[in-house]
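**Q** Here it is, the structure in full.
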There are 2 protein chains.
Amino acid sequence: MPYVSALPRQLVETAVERTVREHGPVALQYGSGQGMPRLREQILEVMALEGIRGSVDDVVVTTGSQHALELMAKLFLDPGDVVIAEGPSYVTAITVFKSFQAEIVHVEMDEGGLVPEALRATIVRLREAGRRIKLLYTVPSFHNPMGVTLSWQRRMEVLEIARDAGILVLEDNPYGLLYFDQAPPQAMRSIEEDGVVYLGTFSKTLAPGLRVGWALAPHAIREKLVLANEAAVLSPSSFSQHVISEYLDTADWRGQIDTFRGVYRERRDAMLAALAEHLPGLRWTVPNGGFYVWLRLPEQLDSKAMLPRAVKELVAYTPGTAFYADGGGRDAMRLSFCYPTPDFIREGVRRLAAVISGELTLLNEFAQTQPLPAHPERQSVLPPNVG
Amino acid sequence: MPYVSALPRQLVETAVERTVREHGPVALQYGSGQGMPRLREQILEVMALEGIRGSVDDVVVTTGSQHALELMAKLFLDPGDVVIAEGPSYVTAITVFKSFQAEIVHVEMDEGGLVPEALRATIVRLREAGRRIKLLYTVPSFHNPMGVTLSWQRRMEVLEIARDAGILVLEDNPYGLLYFDQAPPQAMRSIEEDGVVYLGTFSKTLAPGLRVGWALAPHAIREKLVLANEAAVLSPSSFSQHVISEYLDTADWRGQIDTFRGVYRERRDAMLAALAEHLPGLRWTVPNGGFYVWLRLPEQLDSKAMLPRAVKELVAYTPGTAFYADGGGRDAMRLSFCYPTPDFIREGVRRLAAVISGELTLLNEFAQTQPLPAHPERQSVLPPNVG
């Protein structure tokens, strides 16, 4: 959950009051299935910050970018189709693709994001097996859950591989503007127009409770997205769209994103320092933006099995298995630094270290009486160490 | 489009201000995939007005009731399945069912709504043909587009037929509270719990721009709906839900529904009077609530072919064909009296009468030189005269 309390109430109040006072009957009415033209223009300004140039005609406003993902899956996926995704990948994207009976095939990542050679090999293997690959789903900047960022060189390579293979790229970019030190490479959509559907959202740079995101899609896909959007919800919320449009008109929204960056940078720093202090023997990713650190456990531990013990100690995480469609990720976990304060983060990591230590002690005692349980898939699914 | 201008601005302002002031960070945050507990309690109070008793656990808040329809279709429909629906039926429901590759089979209506004998015969025919019937979709009160209402006796019969056949009933009830003289029979869900999924919305009794509707579903279906809702949009808008909850807490919402009733009753009266004055030779339905009159044309006219001529004369309607999945409805049209003022309605009907008259003259002149084009399907698809 983003830390929406860092958003000054006055900014929201002004946007909401103007919406009611100046746009009342329109904001309360049904709107267009594609979204408000004025907001779509403003969305172009937001995307320009990441190097994207597009037409207001090709933006489709959705009920959060999650719904754009759902609509894309509905339009493109038939049972048995393959979606290639990073391993690990965003949990609710996996859920959506599975809900349309597609299979998710993961591709290895390292500190530079998705590994192009691994992507190439996966496509060859799937094609040889006669599989139909429909989409490459990727979160190139400040990846959820790994926190890593696809380098510029790799963005070019991945796009070239996808172009050659005729695979549509679904670029999901909720965190790109929330960098801590330097901006990530420009969006993949800034390089390639025809082969990329770009998903953006106001959930992390403003507030998720309004449920407004968007897709920027090649023209033919955009038309289908609008029809699918109309069938699903008639139109995205006019009220929410007006509030966001007024916010973008009246607030220093770029300055507010700087504020969010500062909040999350401080929390990231607190988490990294606490990890170094309390878990010096483990490895983790060092994100330069976004919300997440990916922590690798000692190999004999299982993050999912350990969760109840952690919750009992009042510290929570998401087990790595949630981010794999194939059972991988048992030796890893996602830590979120977006919502808790630095003090809570420090205390949480301290508790987590105690839980891990306790679990190791327990397993070592157990090991003295019988051999460790086997994890046959472990070697192949281990995320690389990118700490 | 509902006439949202009949909603006093102050009522919305109060709800919105309280939302920002008292629930800011929660209203701006992600919520539960099932919707706010407080709002779900209030939804039970709204449904109680139509005789429905249910548990707050079985209400799922959605992005308008349209999205509940989409989620139900996603959960239940496989390619080739049949959805039985009234003929005519709500256009975007047809679109949704088709988008999941289901076939819509229409059942005849008359002035008392869906005809039970016709429903029984249709089920037998489909079963004999080996078809898999998944849903019976119905708008029992102030039907869209026909304006008619299913009688109490028929509600019992239709539910019994569906129960015997093991077919789930999808009761879509956006207009039930907008009656003009007397309330419609209580909701079908008030009679039967297990076999009915009920869809409701705030779009017509408050405002569509907030995009908040709901489903009341049997427990096992409710669980699946929540998961599908989370996959599609993560959670419905917290902000919109809070605004509606505050509105229901602070405004005289029952009184406001009375106000809407008065507005729409006056418009219905204006439309019926204008039809009697300008088109005395035709037949139309007499709705006791909702938004629509269904007008039958002289049999040689085609409402879809005539539309460009009408638009040129600055009057619009929806051709009957939009409400059939099978090409029916050419000799009928839906007239909406919800949005235009009585003066505009009178002028619109006057213009429509001139267009119809002009079209008839043209056809008669044409008929003197050659025979009329055949409409082979006409006899079977003609909606009955219920005027």
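The values are calculated or read from the model by the stated rules, or taken from the named source; none is laboratory data. The model shown is predicted, which means the values in this text are computed figures rather than measured ones. Methodologically, a virtual Cβ is constructed for each residue, glycine included, from the backbone with ideal geometry; neighbour enumeration extends over all protein chains shown. These accessible areas exclude ligands, DNA and RNA; they are computed on the full protein's heavy atoms, side chains included. Shrake-Rupley method; radii C 1.70, N 1.55, O 1.52, S 1.80 Å.
**Q** Based on what the data block shows, is B:Val91 within 25 Å of B:Ala231 (Cβ to Cβ) and touching a Phe, Trp or Tyr at 6+ places or on another chain (Cβ under 7 Å)?
**A** On the way: within 25 Å of B:Ala231 (Cβ to Cβ): no; touching a Phe, Trp or Tyr at 6+ places or on another chain (Cβ under 7 Å): yes.
Judged against the criteria, B:Val91 is not a match.
**Q** Any chance you could count how many residues in the stretch B:327-360 are part of a loop (DSSP other than H, G, I, E, B), open to solvent by 20 Å² or more (accessible area, probe 1.4 Å) and not hydroxyl-bearing (Ser, Thr, Tyr)? Lay out the reasoning, then the answer.
**A** First, pick out the residues of the stretch B:327-360 that are part of a loop (DSSP other than H, G, I, E, B): B:327-331, B:337-341.
Filter once more, keeping what is open to solvent by 20 Å² or more (accessible area, probe 1.4 Å): B:327, B:330, B:339-341.
Pick out the ones that are also not hydroxyl-bearing (Ser, Thr, Tyr) and you get B:327, B:330, B:340.
Matching residues across the stretch B:327-360 total 3.
**Q** Being touching a residue at least 40 places away in the same chain (Cβ under 8 Å) and not in a loop (DSSP other than H, G, I, E, B) is the filter; apply it to the stretch B:299-324 and report the residue that is farthest from B:Pro88 (Cα to Cα).
**A** Restricting to residues being touching a residue at least 40 places away in the same chain (Cβ under 8 Å) and not in a loop (DSSP other than H, G, I, E, B), the top hit is B:Arg309.
**Q** Enumerate the pairs (first residue in the stretch B:103-117 and farther than 17 Å from B:Thr285 by Cβ; second residue anywhere and outside any loop (DSSP other than H, G, I, E, B) and of a type in the set (Phe, Trp, Tyr)) with beta-carbon separation below 7 Å, excluding pairs fewer than 6 apart on the same chain, so at least 6 apart or on different chains.
**A** Hits for this filter: B:Ile104/B:Phe97.
**Q** Ok, one more. Restricting the search to the stretch B:324-349, which residues are of a type in the set (Lys, Arg) and touching an Asp or Glu at 6+ places or on another chain (Cβ under 8 Å)? Give the derivation first.
**A** Going residue by residue through the stretch B:324-349, those that are of a type in the set (Lys, Arg) are B:330, B:334, B:346.
Matches in the stretch B:324-349: B:Arg330 only.
**Q** Now for a separate question. Answer yes or no: is there a residue in the stretch B:55-78 that is part of a helix (DSSP H, G or I), farther than 20 Å from B:Val158 by Cβ, open to solvent by 50 Å² or more (accessible area, probe 1.4 Å) and modelled with pLDDT of 95 or more.
**A** Yes, the stretch B:55-78 has at least one match.
**Q** A follow-up question, please. Considering only the stretch A:289-306, state which residues are surrounded by fewer than 20 Cβ atoms within 10 Å (Cβ to Cβ) and touching a strand residue (DSSP E or B) at 6+ places or on another chain (Cβ under 6 Å).
**A** Passing the criteria: only A:Lys304.
**Q** Here's another thing I want to ask about it. Please verify whether A:Val96 is away from chain B (no Cβ under 14 Å), open to solvent by less than 10 Å² (accessible area, probe 1.4 Å), closer than 30 Å to A:Ala325 by Cα and in contact with a Leu (Cβ under 6 Å, 6 or more places away or on another chain), treating the condition exactly as stated. Spell out the reasoning first.
**A** Numbers: away from chain B (no Cβ under 14 Å): no; open to solvent by less than 10 Å² (accessible area, probe 1.4 Å): yes; closer than 30 Å to A:Ala325 by Cα: yes; in contact with a Leu (Cβ under 6 Å, 6 or more places away or on another chain): yes.
In short, no.
**Q** Could you tell me which of the residues B:Phe366, B:Phe337 is of a type outside the set (Gly, Ala, Ser) and modelled with pLDDT of 95 or more? Give the steps one after another, and end with the answer.
**A** Working: B:Phe366 fails: modelled with pLDDT of 95 or more.
When all the criteria are applied, what remains is B:Phe337.
**Q** Can you confirm whether A:Val105 is modelled with pLDDT of 95 or more, part of a strand (DSSP E or B) and within 13 Å of another protein chain (Cβ to nearest Cβ)?
**A** Values: modelled with pLDDT of 95 or more: yes; part of a strand (DSSP E or B): yes; within 13 Å of another protein chain (Cβ to nearest Cβ): no.
When the stated conditions are applied, A:Val105 does not pass them.
**Q** Might you check whether a residue that is touching an Asp or Glu at 6+ places or on another chain (Cβ under 7 Å), part of a loop (DSSP other than H, G, I, E, B) and more than 23 Å from B:Ala207 (Cβ to Cβ) occurs anywhere in the stretch A:281-291? Write out each step before concluding.
**A** Here is the first cut: in the stretch A:281-291, the residues touching an Asp or Glu at 6+ places or on another chain (Cβ under 7 Å) are A:288.
When the remaining residues are screened for being part of a loop (DSSP other than H, G, I, E, B), the result is A:288.
From the residues that got through so far, the ones that are more than 23 Å from B:Ala207 (Cβ to Cβ) too are A:288.
Checking the stretch A:281-291: at least one residue is touching an Asp or Glu at 6+ places or on another chain (Cβ under 7 Å), part of a loop (DSSP other than H, G, I, E, B) and more than 23 Å from B:Ala207 (Cβ to Cβ).
**Q** Identify all residues within the stretch A:79-93 that are more than 10 Å from chain B (Cβ to nearest Cβ), surrounded by 19 or more Cβ atoms within 10 Å (Cβ to Cβ) and of a type outside the set (Ser, Thr, Tyr); write none if there are none.
**A** Of all residues in the stretch A:79-93, those more than 10 Å from chain B (Cβ to nearest Cβ) come to A:80-91.
After this cut, where a residue has to be surrounded by 19 or more Cβ atoms within 10 Å (Cβ to Cβ) as well, the list is A:82-90.
Result: A:Val82, A:Val83, A:Ile84, A:Ala85, A:Glu86, A:Gly87, A:Pro88.
**Q** A further question follows. Select from the stretch B:276-314 the residues that are touching a helix residue (DSSP H, G or I) at 6+ places or on another chain (Cβ under 6 Å) and over 29 Å from B:Lys98 (Cβ atoms) and list them in ascending order.
**A** Across the stretch B:276-314, the qualifying residues are B:His278, B:Leu279, B:Gln300, B:Glu313.
**Q** Now, a different point. Any chance you could count how many residues in the stretch B:1-52 are under 25 Å from B:Ala183 (Cα atoms), at the interface with chain A (Cβ under 10 Å from one of its Cβ atoms), of a type in the set (A, V, I, L, M) and open to solvent by 50 Å² or more (accessible area, probe 1.4 Å)?
**A** 1
**Q** Restricting to the stretch A:48-78, name every residue that is over 16 Å from the mean Cα position of the chain (by Cα) and of a type in the set (Asp, Glu).
**A** Across the stretch A:48-78, the qualifying residues are A:Glu50, A:Asp57, A:Asp58, A:Asp78.
**Q** Here's something else I'd like to know. Residue check: is B:Ala270 open to solvent by 20 Å² or more (accessible area, probe 1.4 Å) and more than 13 Å from every other protein chain (Cβ to nearest Cβ)? Before the answer, list the steps.
**A** Working: open to solvent by 20 Å² or more (accessible area, probe 1.4 Å): no; more than 13 Å from every other protein chain (Cβ to nearest Cβ): yes.
No: the conditions fail for B:Ala270.
**Q** Here is a list of conditions, (1) over 29 Å from A:Val20 (Cα atoms); (2) facing chain A (nearest Cβ under 10 Å), and B:Thr62 meets all of them except one; can you say which number that is?
**A** That leaves (1) as the condition not met.
Conditions (1) more than 22 Å from the chain's Cα centre (by Cα); (2) closer than 30 Å to B:Val212 by Cα; (3) at pLDDT below 95, marked per residue:
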residue: A:Ile167; (1), (2), (3): no, no, no
residue: A:Leu170; (1), (2), (3): no, yes, no
residue: A:Pro174; (1), (2), (3): no, yes, no
residue: A:Arg189; (1), (2), (3): no, no, no
residue: A:Glu223; (1), (2), (3): yes, yes, no
residue: A:Ile244; (1), (2), (3): no, yes, no
residue: A:Thr250; (1), (2), (3): yes, yes, no
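Residues checked against (1) free of Cβ contacts under 8 Å to residues at least 12 places away in the same chain; (2) within 13 Å of chain B (Cβ to nearest Cβ):
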{"residue": "A:Ala220", "(1), (2)": "yes, no"}
{"residue": "A:Glu223", "(1), (2)": "yes, no"}
{"residue": "A:Ala228", "(1), (2)": "no, yes"}
{"residue": "A:Ser235", "(1), (2)": "no, yes"}
{"residue": "A:Ser238", "(1), (2)": "no, yes"}
{"residue": "A:Val243", "(1), (2)": "no, yes"}
{"residue": "A:Ile257", "(1), (2)": "no, no"}
{"residue": "A:Arg265", "(1), (2)": "no, no"}
{"residue": "A:Ala276", "(1), (2)": "yes, no"}
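**Q** Now, a different point. Name the one entry in A:Glu70, A:Glu103, A:Glu108 that is among the charged types (D, E, K, R) and in contact with a strand residue (DSSP E or B) (Cβ under 6 Å, 6 or more places away or on another chain). So that I can check it myself, show each step before the final result.
**A** Numbers: A:Glu70 fails: in contact with a strand residue (DSSP E or B) (Cβ under 6 Å, 6 or more places away or on another chain); A:Glu108 fails: in contact with a strand residue (DSSP E or B) (Cβ under 6 Å, 6 or more places away or on another chain).
Just one listed residue meets the conditions, A:Glu103.
**Q** Scan the stretch A:50-68 and tell me whether some residue there is in contact with a His (Cβ under 8 Å, 6 or more places away or on another chain) and over 30 Å from B:Gly209 (Cβ atoms).
**A** no
**Q** State whether one or more residues within the stretch A:12-35 are outside any helix (DSSP H, G or I), within 27 Å of A:Met156 (Cα to Cα), in contact (Cβ under 8 Å) with a residue 24 or more places away in the chain and in contact with a helix residue (DSSP H, G or I) (Cβ under 9 Å, 6 or more places away or on another chain). So that I can check it myself, show each step before the final result.
**A** Just the residues of the stretch A:12-35 that are outside any helix (DSSP H, G or I), to begin with: A:28-35.
Then drop every residue that is not within 27 Å of A:Met156 (Cα to Cα), which leaves none.
Scanning the stretch A:12-35 turns up no residue that is outside any helix (DSSP H, G or I), within 27 Å of A:Met156 (Cα to Cα), in contact (Cβ under 8 Å) with a residue 24 or more places away in the chain and in contact with a helix residue (DSSP H, G or I) (Cβ under 9 Å, 6 or more places away or on another chain).
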